[in-house]
1. Looking only at segment 15-55, which residues are surrounded by 15 or more Cβ atoms within 10 Å (Cβ to Cβ), more than 22 Å from the chain's Cα centre (by Cα) and among the small types (G, A, S)?
2. Scan segment 30-44 for residues that are of a type outside the set (F, W, Y) and farther than 23 Å from D8 by Cα and jot them down.
3. Could you check segment 32-62 and list, in sequence order, the residues that are among the β-branched types (V, I, T) and either out of contact with any Cys (no Cβ under 9 Å at 6 or more places or on another chain) or in a helix (DSSP H, G or I) (or both)?
4. Check A104 against each of (1) within 15 Å of F36 (Cα to Cα); (2) in the same structural domain as R25 (by TED's automatic domain parsing) and name the one condition it does not meet.
5. Please work out which residue is farthest from G40 (Cα to Cα), limiting yourself to segment 56-106 and to residues that are over 21 Å from the mean Cα position of the chain (by Cα) and small (G, A, S).
6. Quick check on my filter: what residues within segment 101-125 are of a type in the set (K, R) and touching a residue at least 12 places away in the same chain (Cβ under 8 Å)?
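The values are calculated or read from the model by the stated rules, or taken from the named source; none is laboratory data. Just so you know, these numbers come straight off a predicted model, no measurement behind them. Positions of Cβ are backbone-derived with ideal geometry, glycine not excepted, and every protein chain shown enters the neighbour counts.
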Amino acid sequence: MRHDANGDLAGVGARTRTIPPALRRALHHRDGGCRFPGCGVRVAEGHHIRHWAWGGPTTLANLALLCRRHHRAVHEEGFRIERKPDGTLAFFRPQGWPIPDVPAAPTPPDDPLETVRAANARHGVQIDAHTMTPDWDGERLDVVWAIDVLHPRANLGLYGRNATDAA
(Lines give C-alpha, C1' and ligand atoms only; values in the text may rest on other atoms or scores of the structure.)
Protein backbone atom coordinates (compact mmCIF):
# COMPACT_ATOMS: atom_id res chain seq x y z
CA MET A 1 0.00 0.00 0.00
CA ARG A 2 1.16 3.53 -0.78
CA HIS A 3 -0.06 6.66 0.99
CA ASP A 4 0.20 10.28 -0.10
CA ALA A 5 1.56 13.19 2.00
CA ASN A 6 -1.82 13.54 3.80
CA GLY A 7 -1.85 9.87 4.76
CA ASP A 8 -4.63 9.02 2.28
CA LEU A 9 -4.50 5.78 0.35
CA ALA A 10 -2.66 6.43 -2.92
CA GLY A 11 -2.25 2.93 -4.23
CA VAL A 12 -2.55 -0.75 -3.52
CA GLY A 13 -0.99 -3.28 -5.86
CA ALA A 14 -1.03 -7.00 -6.59
CA ARG A 15 1.08 -9.33 -8.70
CA THR A 16 -1.84 -11.24 -10.26
CA ARG A 17 -4.89 -10.43 -12.36
CA THR A 18 -7.23 -11.32 -9.50
CA ILE A 19 -8.00 -8.32 -7.30
CA PRO A 20 -7.13 -9.14 -3.67
CA PRO A 21 -9.70 -8.33 -0.94
CA ALA A 22 -7.88 -5.25 0.41
CA LEU A 23 -7.59 -3.74 -3.06
CA ARG A 24 -11.23 -4.62 -3.82
CA ARG A 25 -12.36 -2.82 -0.64
CA ALA A 26 -10.31 0.25 -1.57
CA LEU A 27 -11.75 0.16 -5.12
CA HIS A 28 -15.34 -0.06 -3.85
CA HIS A 29 -14.66 2.71 -1.35
CA ARG A 30 -13.23 4.97 -4.07
CA ASP A 31 -15.71 4.28 -6.89
CA GLY A 32 -18.90 3.35 -5.02
CA GLY A 33 -20.40 1.66 -8.10
CA CYS A 34 -20.21 1.54 -11.88
CA ARG A 35 -18.15 4.45 -13.20
CA PHE A 36 -19.69 4.42 -16.71
CA PRO A 37 -21.29 7.85 -17.31
CA GLY A 38 -24.91 7.87 -16.21
CA CYS A 39 -24.95 4.34 -14.79
CA GLY A 40 -24.22 4.34 -11.05
CA VAL A 41 -25.28 0.71 -10.47
CA ARG A 42 -23.89 -0.20 -7.06
CA VAL A 43 -23.08 -3.86 -7.82
CA ALA A 44 -19.95 -3.71 -9.95
CA GLU A 45 -16.83 -5.62 -10.97
CA GLY A 46 -13.23 -4.47 -11.05
CA HIS A 47 -11.95 -3.71 -14.55
CA HIS A 48 -8.32 -3.23 -15.58
CA ILE A 49 -8.15 0.03 -17.56
CA ARG A 50 -4.99 -1.18 -19.27
CA HIS A 51 -5.70 -4.87 -19.72
CA TRP A 52 -3.73 -7.18 -17.46
CA ALA A 53 -2.72 -9.39 -20.43
CA TRP A 54 -1.13 -6.31 -22.06
CA GLY A 55 0.98 -5.52 -19.01
CA GLY A 56 -1.57 -3.50 -17.08
CA PRO A 57 -0.87 -3.75 -13.36
CA THR A 58 -3.44 -4.77 -10.76
CA THR A 59 -3.24 -1.45 -8.92
CA LEU A 60 -5.86 0.96 -7.71
CA ALA A 61 -4.77 3.49 -10.36
CA ASN A 62 -5.37 0.93 -13.15
CA LEU A 63 -8.76 -0.30 -11.91
CA ALA A 64 -12.30 1.00 -12.21
CA LEU A 65 -15.62 -0.47 -11.16
CA LEU A 66 -18.04 -1.35 -13.95
CA CYS A 67 -21.41 -3.06 -13.75
CA ARG A 68 -21.76 -6.33 -15.66
CA ARG A 69 -23.41 -4.60 -18.67
CA HIS A 70 -20.71 -1.94 -19.07
CA HIS A 71 -17.88 -4.37 -18.31
CA ARG A 72 -19.10 -6.50 -21.23
CA ALA A 73 -19.47 -3.36 -23.39
CA VAL A 74 -15.82 -2.49 -22.79
CA HIS A 75 -14.51 -6.01 -23.41
CA GLU A 76 -16.77 -7.11 -26.27
CA GLU A 77 -18.42 -4.08 -27.89
CA GLY A 78 -15.45 -1.78 -28.42
CA PHE A 79 -16.06 0.86 -25.73
CA ARG A 80 -12.86 2.23 -24.17
CA ILE A 81 -11.75 3.74 -20.89
CA GLU A 82 -8.71 5.94 -20.40
CA ARG A 83 -7.38 7.55 -17.25
CA LYS A 84 -6.56 11.23 -17.80
CA PRO A 85 -3.43 12.81 -16.27
CA ASP A 86 -5.57 14.38 -13.53
CA GLY A 87 -6.81 10.91 -12.50
CA THR A 88 -10.34 11.18 -13.88
CA LEU A 89 -11.71 8.62 -16.31
CA ALA A 90 -12.62 9.28 -19.94
CA PHE A 91 -15.05 6.94 -21.74
CA PHE A 92 -15.24 6.49 -25.51
CA ARG A 93 -17.72 4.89 -27.90
CA PRO A 94 -16.52 2.24 -30.38
CA GLN A 95 -16.26 4.99 -33.06
CA GLY A 96 -13.84 6.89 -30.82
CA TRP A 97 -16.35 9.57 -29.81
CA PRO A 98 -16.07 10.65 -26.17
CA ILE A 99 -19.00 9.92 -23.87
CA PRO A 100 -19.70 13.07 -21.87
CA ASP A 101 -20.08 13.04 -18.12
CA VAL A 102 -23.65 13.04 -16.91
CA PRO A 103 -24.53 15.97 -14.66
CA ALA A 104 -25.63 15.22 -11.14
CA ALA A 105 -29.35 14.78 -10.63
CA PRO A 106 -31.10 17.92 -9.39
CA THR A 107 -31.97 17.99 -5.73
CA PRO A 108 -35.71 17.81 -5.12
CA PRO A 109 -37.37 20.71 -3.28
CA ASP A 110 -38.06 20.36 0.44
CA ASP A 111 -41.83 20.32 -0.15
CA PRO A 112 -42.49 19.10 -3.71
CA LEU A 113 -46.28 19.26 -3.32
CA GLU A 114 -46.15 22.93 -2.37
CA THR A 115 -43.85 23.60 -5.32
CA VAL A 116 -46.41 22.06 -7.70
CA ARG A 117 -49.26 24.01 -6.09
CA ALA A 118 -47.32 27.29 -6.44
CA ALA A 119 -46.55 26.54 -10.12
CA ASN A 120 -50.24 25.77 -10.76
CA ALA A 121 -51.26 29.03 -9.09
CA ARG A 122 -48.78 31.01 -11.23
CA HIS A 123 -50.31 29.49 -14.37
CA GLY A 124 -53.91 29.90 -13.22
CA VAL A 125 -54.55 26.17 -12.91
CA GLN A 126 -57.10 25.25 -10.28
CA ILE A 127 -57.36 21.62 -9.27
CA ASP A 128 -60.24 20.38 -7.15
CA ALA A 129 -62.23 17.19 -6.59
CA HIS A 130 -63.99 17.55 -9.98
CA THR A 131 -60.95 18.34 -12.15
CA MET A 132 -60.83 14.89 -13.72
CA THR A 133 -64.61 14.43 -14.04
CA PRO A 134 -65.48 14.06 -17.72
CA ASP A 135 -68.18 16.28 -19.21
CA TRP A 136 -69.09 13.85 -21.96
CA ASP A 137 -72.50 12.25 -22.34
CA GLY A 138 -71.38 8.61 -22.59
CA GLU A 139 -71.33 7.88 -26.32
CA ARG A 140 -68.54 5.73 -27.75
CA LEU A 141 -65.49 7.46 -29.18
CA ASP A 142 -65.49 7.51 -32.96
CA VAL A 143 -61.75 6.87 -33.43
CA VAL A 144 -61.80 7.26 -37.21
CA TRP A 145 -63.49 10.64 -36.96
CA ALA A 146 -61.10 11.75 -34.18
CA ILE A 147 -58.06 10.85 -36.27
CA ASP A 148 -59.63 12.43 -39.34
CA VAL A 149 -60.08 15.71 -37.48
CA LEU A 150 -56.96 15.81 -35.33
CA HIS A 151 -54.19 14.42 -37.53
CA PRO A 152 -53.13 16.98 -40.15
CA ARG A 153 -52.21 14.38 -42.79
CA ALA A 154 -55.09 11.98 -42.17
CA ASN A 155 -57.28 11.46 -45.18
CA LEU A 156 -59.25 8.39 -44.32
CA GLY A 157 -62.14 9.67 -46.41
CA LEU A 158 -64.78 7.82 -44.43
CA TYR A 159 -66.62 11.06 -43.74
CA GLY A 160 -65.86 12.66 -47.09
CA ARG A 161 -63.48 15.17 -45.54
CA ASN A 162 -59.98 15.44 -44.16
CA ALA A 163 -58.50 17.49 -41.33
CA THR A 164 -58.45 20.70 -43.37
CA ASP A 165 -62.13 20.33 -44.33
CA ALA A 166 -63.19 19.57 -40.74
CA ALA A 167 -61.29 22.44 -39.19
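1. A26
2. Within segment 30-44, the subset of a type outside the set (F, W, Y) is 30-35, 37-44.
Hits for segment 30-44 are P37, G38, C39, G40, V41, R42, V43, A44.
3. I49, T58, T59 - these are the residues of segment 32-62 that are among the β-branched types (V, I, T) and either out of contact with any Cys (no Cβ under 9 Å at 6 or more places or on another chain) or in a helix (DSSP H, G or I) (or both).
4. Every listed condition holds for A104 apart from (2).
5. Here the answer is G56.
6. So in segment 101-125, the residues of a type in the set (K, R) come out as 117, 122.
Once the filter is applied, which keeps residues that are of a type in the set (K, R) and touching a residue at least 12 places away in the same chain (Cβ under 8 Å), segment 101-125 yields nothing.
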